[in-house]
Amino acid sequence: MGKIDTPHSQTDLTWDYSDPVNGPTIPAPYFYDPQIFAEEKERIFMHCWHLVGHVNEFNEPGNYVVQDIFEQSVVVTSDKEGEIHAWHNVCRHRGNRLMTERRGKVGGVLRCQYHSWCYNLDGGLRAAPRTEHLCNFSKADHSLKKVRMEIFAGWVFITLDDNAQPVSEMAAGSEEIMRRFLPDMDNVELVEETDVIVDANWKVIQENSIEGYHFDLSGPVHKDLAALIDFKGYTLTSYDKWWTYIGPPNKDATHAYGEPLEGATWQTDWFFNIGLWPNTTFYSFPYTDMIGTFIMIPLTPEKSLLRFGYYAPRGRPVPKVTKAAIKWMNTQLGPEDIELNVTNQKGLHSIGFGSGRYLIDDNLPNQSEHLVYNFHKLCYQAIKE
Ligand code: FES
Ligand SMILES: [Fe+2]
């Protein structure tokens, strides 16, 4: 029987990325190989910063948000003084997972539901039933274990790596741009969060979001989005570990997301997106009054959790067009992209593929896939170099 010539054997995972314009795309197994996935977990996700939410989600004592990173889990709380803390989400008694909901609010303590050890909001062990007669037992030795946290531009990030470069350094220069396009950033609150499981590698989802090549060539909803943007001015810029893709508005638009623009209110008419290494995106749709977050959380080599957060200014009603945009993202644009993610994931397994070719062309900067290349390069360098 003849040997089937696969485009990439398991051992052939090197990628010559020296020539983005003429060279090949990152080899297909990077999107499904379990060993690659294990390396991404160890070398990227155990060291990078993870977006938890906005500081305003912690404006009352006892508010908490749980962030899972593979089998690790972190709980972020605010204490009575309004200070935000991040803890490993585990009881120091026998290792029970402490908080099991994504977010919530507790009274004065985080209580383990197994044997009722209770922790203060500043992490200290307050009560541990029936431990009075234990020898050499001190509550002080059993506080929750701290996780590194950083607040950047009003957003709460955590990392499992105490030596990780601070977000403010990694994304130096980005806050100013965010504040220019997302002007109410200090005053937003979460209005909705939607989790979707997608049968695709996390990078397949990321790639799709950082190129405009497919906007007017794929599905009908994308064409609707493209019609809200002055697409000639769509600009995709890489700043090493962060990147922006920004489109000026189509000033002739009369409707957006099925709603008339006449009489409508919004804070920004631009299509603004900023990505932070490796998997966090903040964005704003044209003619809306909201900040979207878009996080690609890897679950397995070919399964990801896509988390859509929607934040709108506090103290005033969410405008009709913005509400329509949120619904449109959840029910139309999101699903249209997810369908592409899934068919892309399937195709990557084909022995008729192996690797492809980037469309990188200075004559078509608004369609160019240079951000895709840069992202692939960051991934490759993180796990192979
Ligand atoms: S494991 Fe938490 S109280 Fe026992
Ligand atoms: Fe898309």
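The values are calculated or read from the model by the stated rules, or taken from the named source; none is laboratory data. These numbers come from a predicted model, not from an experiment. Neighbour counts run over all protein chains shown; Cβ positions are idealised from the backbone, glycine included.
List of remarks:
- Restricting the search to strands (runs of 3 or more DSSP E) fully inside region 266-358 and requiring at least 3 residues that are surrounded by fewer than 21 Cβ atoms within 10 Å (Cβ to Cβ) gives 291-300, 303-313.
- If only residues of region 139-149 that are under 27 Å from TYR311 (Cβ atoms) and crowded, with 17+ Cβ neighbours inside 10 Å are counted, the one that is nearest to ligand 1 (Cβ to nearest atom) is VAL147.
- Test: residue in region 227-236 that is buried (at least 21 other Cβ atoms within 10 Å of the Cβ) and of a type in the set (S, T, N, Q): no
- Filter pass, PRO298 being more than 23 Å from ALA171 (Cβ to Cβ) and either aromatic (Phe, Trp, Tyr) or more than 16 Å from ligand 1 (Cβ to nearest atom) (or both): no
- Failed item in (1) part of a helix (DSSP H, G or I); (2) surrounded by fewer than 21 Cβ atoms within 10 Å (Cβ to Cβ), with HIS376 passing the rest: (2)
- Meets criteria (under 28 Å from ASP230 (Cα atoms), in the same structural domain as ILE246 (by TED's automatic domain parsing) and within 15 Å of ligand 2 (Cβ to nearest atom)) for TYR358: no
- The residue pairs whose first member lies in region 360-385 and is within 13 Å of TRP242 (Cα to Cα), whose second member is of a type in the set (Asp, Glu) and modelled with pLDDT under 95, and whose beta carbons are closer than 9 Å, counting only pairs six or more residues apart or on different chains, are ASN374/ASP240; LEU378/ASP240.
- Any strands (runs of 3 or more DSSP E) falling wholly within region 81-138 and containing at least 2 residues that are surrounded by 11 or more Cβ atoms within 10 Å (Cβ to Cβ), away from ligand 1 (no atom under 12 Å from the Cβ) and not hydroxyl-bearing (Ser, Thr, Tyr): 84-88, 103-105
- Verdict on GLU175 being surrounded by fewer than 18 Cβ atoms within 10 Å (Cβ to Cβ) and under 19 Å from TRP49 (Cα atoms): yes
- Residue check for LEU190: touching a Phe, Trp or Tyr at 6+ places or on another chain (Cβ under 7 Å), modelled with pLDDT of 95 or more, within 16 Å of ligand 2 (Cβ to nearest atom) and not in a helix (DSSP H, G or I): no
- Here region 148-202 is the region considered, the condition is being within 24 Å of GLU71 (Cβ to Cβ) and of a type in the set (S, T, N, Q), and the residue that is farthest from the chain's Cα centre (by Cα) is ASN163.
- Checked against the criterion of being in contact with a Pro (Cβ under 7 Å, 6 or more places away or on another chain) and either of a type in the set (Val, Ile, Thr) or within 16 Å of ligand 2 (Cβ to nearest atom) (or both), the candidates ILE229, ILE151, ILE246, ILE158 yield just one match: ILE229.
- Annotation for region 182-202: no member residue is free of Cβ contacts under 8 Å to residues at least 24 places away in the same chain and either away from ligand 1 (no atom under 16 Å from the Cβ) or in the same structural domain as GLY258 (by TED's automatic domain parsing) (or both).
- Each residue in region 94-116 was checked for being in contact with a Ser or Thr (Cβ under 9 Å, 6 or more places away or on another chain) and farther than 20 Å from PHE58 by Cα, and 2 pass.
- Which numbered condition PHE294 fails, given (1) in contact with an Asp or Glu (Cβ under 8 Å, 6 or more places away or on another chain); (2) modelled with pLDDT of 95 or more: (1)
- When every residue of region 334-353 is checked against the conditions, none turns out to be farther than 30 Å from ARG103 by Cα and touching a Cys at 6+ places or on another chain (Cβ under 9 Å).
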